[in-house]
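Once you've had a glance at the structure underneath, I'll fire off some questions.
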Amino acid sequence: MRLALYQPDIPQNVGAAIRAAACFGAQIHVIEPCGFPLDSREIRRVAMDYGASAPPVAHQSWTAFLETAAGARLILLTTAAEATIWDFEFSPSDIVIMGRESAGAPPEIHKAAQARLRIPLAPGVRSLNVHVAAAVALAEARRQIGWG
């Protein structure tokens, strides 16, 4: 199971995503460019010692990332999706992709995704923080596929 962050803007969110990935046994990928260096102090402060359990794999571009994703389904979390994570059957080889905090995912990622999913939210609210949404999706995927 893998989590991919597309061009993240906020280092603290990357740190929190690293921690979530470690807790749910997922590998984490960061698709650059980012708005900060990946060895940022802010990432380390939030990730704490969980970075050793889920060290981020950096990719210079979306194209470079795709070269490592062969055979995996790309699952995009987006508020624009009709289907929800509760209605989807996750697989251990899936890659959950999160868009940028400031702009979401560009059209080429929407087009490349084999599934576009949303997390059901209470009426009147827009979205969760990106790392919180990633953790919810990883938790649901782990619930479905277990730890084996």
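Counting only residues that are under 14 Å from the mean Cα position of the chain (by Cα) and part of a loop (DSSP other than H, G, I, E, B), how many does the stretch 56-71 have?
Qualifying residue count for the region: 2.
Checking the condition surrounded by fewer than 18 Cβ atoms within 10 Å (Cβ to Cβ) and free of Cβ contacts under 8 Å to residues at least 40 places away in the same chain, which residue from Arg73, Arg126, Arg143 passes?
Step by step, each of Arg73, Arg126, Arg143 is checked, and only Arg143 is surrounded by fewer than 18 Cβ atoms within 10 Å (Cβ to Cβ) and free of Cβ contacts under 8 Å to residues at least 40 places away in the same chain.
For Ala80, which of the numbered conditions (1) under 21 Å from Ala20 (Cβ atoms); (2) surrounded by fewer than 14 Cβ atoms within 10 Å (Cβ to Cβ); (3) touching a helix residue (DSSP H, G or I) at 6+ places or on another chain (Cβ under 9 Å); (4) not β-branched (Val, Ile, Thr) fails to hold?
(1)
For the list (1) under 25 Å from Pro11 (Cβ atoms); (2) touching a Leu at 6+ places or on another chain (Cβ under 8 Å); (3) modelled with pLDDT of 95 or more, I need the number of the one condition that Leu121 fails.
It fails just one condition, (1).
A quick yes/no check of all residues on (1) closer than 22 Å to Gly146 by Cα; (2) in contact with a His (Cβ under 8 Å, 6 or more places away or on another chain); (3) not polar (S, T, N, Q):
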| position | (1), (2), (3) |
| --- | --- |
| Ile10 | no, no, yes |
| Asn13 | no, yes, no |
| Ala22 | yes, no, yes |
| Gln27 | yes, no, no |
| Arg41 | no, no, yes |
| Arg45 | no, no, yes |
| Met48 | no, no, yes |
| His59 | no, yes, yes |
| Ala64 | no, no, yes |
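Inspect the stretch 25-41 for any residue being in contact with a helix residue (DSSP H, G or I) (Cβ under 9 Å, 6 or more places away or on another chain), of a type in the set (S, T, N, Q) and at pLDDT 95 or above and give the result as yes or no.
Yes, some residue in the stretch 25-41 is in contact with a helix residue (DSSP H, G or I) (Cβ under 9 Å, 6 or more places away or on another chain), of a type in the set (S, T, N, Q) and at pLDDT 95 or above.
Going by the conditions given, is Ile109 β-branched (Val, Ile, Thr) and either part of a loop (DSSP other than H, G, I, E, B) or over 13 Å from Ala26 (Cβ atoms) (or both)? Give the steps one after another, and end with the answer.
Values: β-branched (Val, Ile, Thr): yes; either part of a loop (DSSP other than H, G, I, E, B) or over 13 Å from Ala26 (Cβ atoms) (or both): yes.
For Ile109, the condition - β-branched (Val, Ile, Thr) and either part of a loop (DSSP other than H, G, I, E, B) or over 13 Å from Ala26 (Cβ atoms) (or both) - is met.
Quick one: in the stretch 1-50, which of the residues that are more than 25 Å from Glu108 (Cβ to Cβ) and of a type in the set (D, E, K, R) is surrounded by the fewest Cβ atoms within 10 Å (Cβ to Cβ)?
Step by step, filter the stretch 1-50, then rank; the result is Asp39.
Going by the conditions given, is Pro120 surrounded by fewer than 16 Cβ atoms within 10 Å (Cβ to Cβ) and free of Cβ contacts under 8 Å to residues at least 40 places away in the same chain?
yes
Considering only the stretch 88-105, I want to know if a residue exists there that is among the aliphatic types (A, V, I, L, M), surrounded by fewer than 19 Cβ atoms within 10 Å (Cβ to Cβ), modelled with pLDDT of 95 or more and closer than 16 Å to Pro11 by Cα.
no
Continuing with this model, one more query. As an exercise: evaluate Ala80 against (1) in a loop (DSSP other than H, G, I, E, B); (2) in contact with a Leu (Cβ under 8 Å, 6 or more places away or on another chain); (3) of a type in the set (A, V, I, L, M) and give the number of the one condition it does not meet.
Result: Ala80 passes all but (2).
Would you confirm whether or not the stretch 112-131 contains a residue that is of a type outside the set (Lys, Arg), within 13 Å of the chain's Cα centre (by Cα) and assigned to a helix (DSSP H, G or I)?
Scanning the stretch 112-131 turns up at least one residue that is of a type outside the set (Lys, Arg), within 13 Å of the chain's Cα centre (by Cα) and assigned to a helix (DSSP H, G or I).
The values are calculated or read from the model by the stated rules, or taken from the named source; none is laboratory data. Being a predicted model, the structure only gives us computed values, none of them experimental. When we count neighbours, we look across all protein chains shown, and the Cβ atoms used for this are built from the backbone with ideal geometry, even at glycine.
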